[in-house]
Every structure is written in C-alpha cells, then in structure tokens.
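Notes for the one structure printed next.
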Amino acid sequence: QLGYFTFDPGFMATGSCESSITYIDGDEGVLLHRGYKIADLAEQSDFLEVCYLLLNGELPNAGQKQEFDHAITYHTMVHEQMQFFLRGFRRDAHPMAVMCGLVGAMSAFYHDSTDIHDPQQRMIAAHRLIAKMPTLAAMAYKYSVGQPTVYPSNDLSYAQNFLRMLFAVPCETWKDNPVLSRAMDRILILHADHEQNASTSTVRLSGSSGANPFACIAAGIASLWGPAHGGANEAVLTMLQQIGHKNNIPEFVKRAKDKNDSFRLMGFGHRVYKNYDPRAKVMQDTCREVLGTLGIKDPLLDLAMELERIALEDEYFVDRKLYPNVDFYSGIILRAMGFPTSMFTVLFAVARTVGWISQWKEMIEDPAQKIGRPRQLYTGPVERPFVPLAKRG
Ligand code: SDX
C-alpha cells in the first residue's frame, strides 16, 4: 500500500493519519495524486479534472467531466451581499487577510450547505468553495487596486475565468492568451494537494470537531499565509530582489548558513522532500515558457537559476538535502503574468482549496473518525502549594 501510516485511533496525538489521496516519497522526490504522477497530471490534464480525481479517487470519464465542469462553472458567482462585507476592509489590507474574512463569512451566506453529516450537502459545499474561490480572490484583488469587480463568465475555463476576473477592465475587451491560461491551469494543479502539510492538518483538525467547511477552509488559509509555508512564494521574490545581482549570491548563501543570522534561502528546503520537489521542475519549465511567450527577460529568473546552481554545489545544502521547492520559481511566473506579490499566496489558497476539501471530506466520511486531540509532553512545574499575594516576594 502506498502512502499511508499505521492508523492510530488517537491519530492527532501522533500527528499522522491514514489517507489515500496523495503520496509523497521525500527521499526520491515522488508526488502522486491517487497514484498518478504530478508531472503527468500537470502536462496532460486540466485543473478541474484533477479536482475530480482528488475528490472522487478516479479520473473522470467524458460524461463525468462535463457534469463536474458544469457544477463548478455554474456556481462561480457569490452572494452579492459579500460585496458589502468586502467593503469593510481597508483598500490596503493584505489580500490573504481579506480571504480569511470572506471565506469565513461564507458560513453566514451559505449556511444551508454546512450540514457535514449530509453527503449531498457536503458535495454542495465542496462545489461552492472550489467554484467561488477564484471569484473571491479576484474580488479581493480588484478591491485593492480600486477597480470594479469583474463577474465570472460561464463560457470560459476555470483558469481563463480566474485570469479574466483578475485582469479584465470594463473599458477593454479581454482576450485569452492560451499560453497564460494553460500555465495558470498547470500552476493550479501543482498546488492542489500535498498530503498532511501545515494548512491541510489545520483543516483536518478544525473539521474533526464538526465545524462547517467554510470555517475550516478559512483556518487553512490562515495557516497557509505563513512565510514558512504558502507565504514562501512571496518571500522568494523579496529575497531575490534583496540579493539584486549574482555577484551578491555568495554573501547571501553565507548568511543562510549562519545560525546566528535569521536569513533563510526562501523557496529552498522542505519538511518532507530531501530531494528535488517534483513540482519545482515543472514550475521551472513553465516559467521559461511563460517568459518566452511574453518576451520577458526577467533578470530574477537568471538570478534564481544561478542561486540554485551555487546552492546545489554547496556542501551545507547538499549535506542537509535542501533543494528548491514548489515556491522557488512560482513567484517569477506569477509576477510575469501580472500578479502583485501580495496575491501569490492567494493563488496558492485558490489551488489548495480542492486539496483541503478532499482531505476534509475523506476525514468526515471515515466512520472511525474522532475529534483531533493532540497531546503534549508536560515540562512545567510539579504540583506545589498556593502562595497568597501578601506572602510573595
Ligand atoms: C511549502 O509541507 C508541505 O508540503 C508544504 C508545501 C505544500 O505544498 O503544502 O510543500 C508548501 O510550504 C514549501 C516550503 C516553503 N517554505 C520555504 O521555502 C521557506 C524556506 N524553507 C525553510 O524555512 C525550511 O526548509 C522549511 C520550513 C521548509 C523546513 O524547515 P525544517 O523542517 O527546519 O527543515 P529541515 O528540518 O529539513 O532543516 C534541516 C537543516 C536545518 O539546519 P541544521 O539544524 O541541520 O543545522 O537545514 C536548515 C535548517 O536550519 N535549513 C535551511 C533552510 N531550510 C532548512 N537553511 C537555510 N535555508 C533554508 N531554506
């Protein structure tokens, strides 16, 4: 059997669980979704096909794909009152803060699909969240730049819709660039699920108490925001801009190795991969393709590749098996596609929603499932008598 740990009834106490969705071999750099290689899925399927696979365990046939695509496409609009909720934020609020708020607020607007004990309501919630995340993300972006919301269009693919809602403006006719929408589709696939990472474990733990799916996904978004996790793609761009020129790379590599220096090579290293993250390879190829299509010569790409070359020849990184991860190249592509750095992690959240939902669904459908209750190793004082205030030194 691939990809599962020995099931422990107090699974949260050991921090592991049983799952059949994603398999990672960190030493070999292998990532499978329901047995399919990530590179094959990224190259040969589209994002909604991978969503169907993660949710249902099998790739859809033509009829199932048409039905699933329709179910998602025809749920992309959000309750108009969400606009009022959005306007409660400052224009300069970080879009991840806005997403935490908007997705959590969906519990109030779609309370009819929060009954997790009803299988039909569960699937309705899954469709609603996967369908509406791009719309909410685009609303957050448009609000931050002072442009009007662009509503979804039912005759576009998921990736095309997302790009149009983000970058179309009322005064111009938006035109799809097939290379960019294909690249977006591939980037969404690469971020869809990744076993029991921090944000997915957050969603599982929240969901194990019976909390509604919208609240659980809002918790996952909050966890993903951290720079050690999904926030790394934004931090990689900041790091590359800080390095500035390849002549400065040795100094920053030296700092990354210095335990007294908090500087880390962002986009490098991983809790599980002790080999090249297979997603980073596809991301690097996609990066070259997008920049080539757009005719962009981004010095940050050259800098990133030189940094990778130098780090992978340095014994500190080699000994610790620190390789580029999914975040190392993604920021460069997204910047070339017009995303501001503050939206990089939002894109990660849009893509990861299907992974969070699939893992949440797998957990609540397990009849043996119990509320998660991590235990601790107590290191505080042993029992001692109370000292009244008047007698304290
Ligand atoms: C994601 O879990 C997932 O699956 C996450 C994710 C997903 O899809 O959900 O894959 C997405 O979050 C990818 C990771 C993005 N984060 C970054 O790129 C931030 C930079 N990376 C580091 O913060 C770090 O690598 C972590 C947080 C990712 C992992 O940290 P760990 O668990 O401490 O790494 P480790 O145990 O393998 O570290 C071993 C050694 C340590 O040094 P020593 O104590 O042995 O001397 O390597 C060092 C670490 O200090 N190290 C680094 C480093 N990463 C680890 N040194 C310099 N630069 C780095 N980036």
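Just to check I understand the Karplus step: with θ = phi - 60° and J = 6.51 cos²θ - 1.76 cosθ + 1.60, what whole-Hz values come out for region 222-227, glycine and proline as x?
Ordered by residue, 3J(HN,Hα) equals 4, 5, 5, 4, x, x Hz.
Please identify the longest segment of the chain free of exposed GluC sites (Glu not before Pro), where exposed means a DSSP state other than H, G, I, E or B and no more than 15 other Cβ atoms within 10 Å.
Here the longest segment lacking exposed loop sites spans 173-312.
Evaluate the charge dipole of the chain about its Cα centre and quote only its size in Debye, nearest 20, assuming +1 on the Cβ of each Lys and Arg and -1 on the Cβ of each Asp and Glu.
Using Cβ point charges on Lys, Arg, Asp and Glu, the chain gives about 1400 debye.
5 Å is the cut-off here: which amide hydrogens, built 1.01 Å from N in the peptide plane, fall below it relative to GLY267, excluding neighbours closer than 5 in sequence?
The answer is none.
As a footprinting exposure proxy, order VAL253, VAL354 by other Cβ within 10 Å, with the fewest listed first.
Final ranking by Cβ density, sparse to dense: VAL253, VAL354.
What's the exposure ranking of TYR151, TYR110, TYR52, TYR329, going from fewest to most Cβ atoms within 10 Å?
TYR151, TYR110, TYR52, TYR329
Charges on Cβ only, +1 for Lys and Arg, -1 for Asp and Glu, centred on the Cα centroid of the chain; of TYR52, ILE21, VAL98, which one is farthest towards the dipole's positive end?
With unit charges placed on the Cβ atoms, the residue in question is VAL98.
Any of LYS257/LYS321; LYS254/LYS281; LYS257/LYS297; LYS37/LYS132; LYS37/LYS370; LYS37/LYS281 with alpha carbons more than 21 Å apart? Name them for me.
Check vs 21 Å cut-off fails for LYS254/LYS281; LYS257/LYS297; LYS37/LYS132; LYS37/LYS370.
Within region 234-332, list the trypsin sites (Lys or Arg not before Pro) lying in a DSSP loop whose Cβ has at most 13 other Cβ atoms in a 10 Å radius.
Here the sparse-neighbourhood loop sites are LYS259, ARG271, LYS297, ARG320.
Once you order the gyration tensor axes a ≥ b ≥ c over the Cα atoms, which shape class does region 283-391 get: rounded for a/c under 1.5, otherwise prolate or oblate by comparing a/b with b/c?
Prolate.
I'd like the trypsin sites (Lys or Arg not before Pro) in region 155-226 restricted to DSSP loop residues with at most 11 other Cβ atoms within 10 Å, sorted by number. Write down the numbers at each step before the final one.
Numbers: sites: ARG164, LYS175, ARG182, ARG186, ARG204; in loops: LYS175.
Here the trypsin sites (Lys or Arg not before Pro) that fit, given the DSSP loop and packing criteria, are LYS175.
Charges at C-beta only: +1 for Lys and Arg, -1 for Asp and Glu. How large is the resulting dipole of region 50-125 about its Cα centre, in Debye rounded to 20?
About 380 debye.
Which one of ALA349, GLY393, GLN147 has its Cα pushed farthest toward the positive end of the charge dipole of the chain, where Lys and Arg give +1 and Asp and Glu give -1 at the Cβ?
GLY393
Exposure proxy check: VAL387, VAL236 ranked by fewest other beta carbons within 10 Å?
With the sparsest Cβ surroundings first, the list reads VAL387, VAL236.
From the square roots a ≥ b ≥ c of the eigenvalues of the alpha-carbon gyration tensor of the chain, which class results: rounded (a/c under 1.5), prolate (a/b over b/c), or oblate?
Rounded.
Scan region 75-155 for trypsin sites (Lys or Arg not before Pro) in coil per DSSP, keeping those whose Cβ has at most 14 other Cβ atoms within 10 Å, and list them by number.
Numbers: sites: ARG87, ARG90, ARG91, ARG122, ARG128, LYS132, LYS142; in loops: ARG87, ARG90, ARG91.
When the trypsin sites (Lys or Arg not before Pro) of region 75-155 are filtered for loop state and at most 14 Cβ neighbours within 10 Å, ARG87, ARG90, ARG91 remain.
Can you tell which of PHE317, VAL382, GLN284 lies farthest toward the positive end of the dipole of region 233-382, using +1 and -1 charges on the Cβ of basic and acidic side chains (Lys, Arg; Asp, Glu)?
Of PHE317, VAL382, GLN284, it is VAL382.
Under the rule of -39500 (n - 2.57) per DSSP H run of 4 or more residues, summed and divided by the residues of the chain, what mean residue ellipticity at 222 nm is obtained, to the nearest 500 deg cm²/dmol? Let's see the in-between values first.
Working: 18 runs with 212 residues, N = 393.
So the helix-based figure for the chain works out to -16500 deg cm²/dmol.
All of the numbers you see were taken from the coordinates with simple rules; none came from a lab. Fair warning: this is a prediction, and the values are worked out from it, not measured in the lab. Note that each Cβ is placed from the backbone with ideal geometry, even for glycine, and that neighbours are counted across all protein chains shown.
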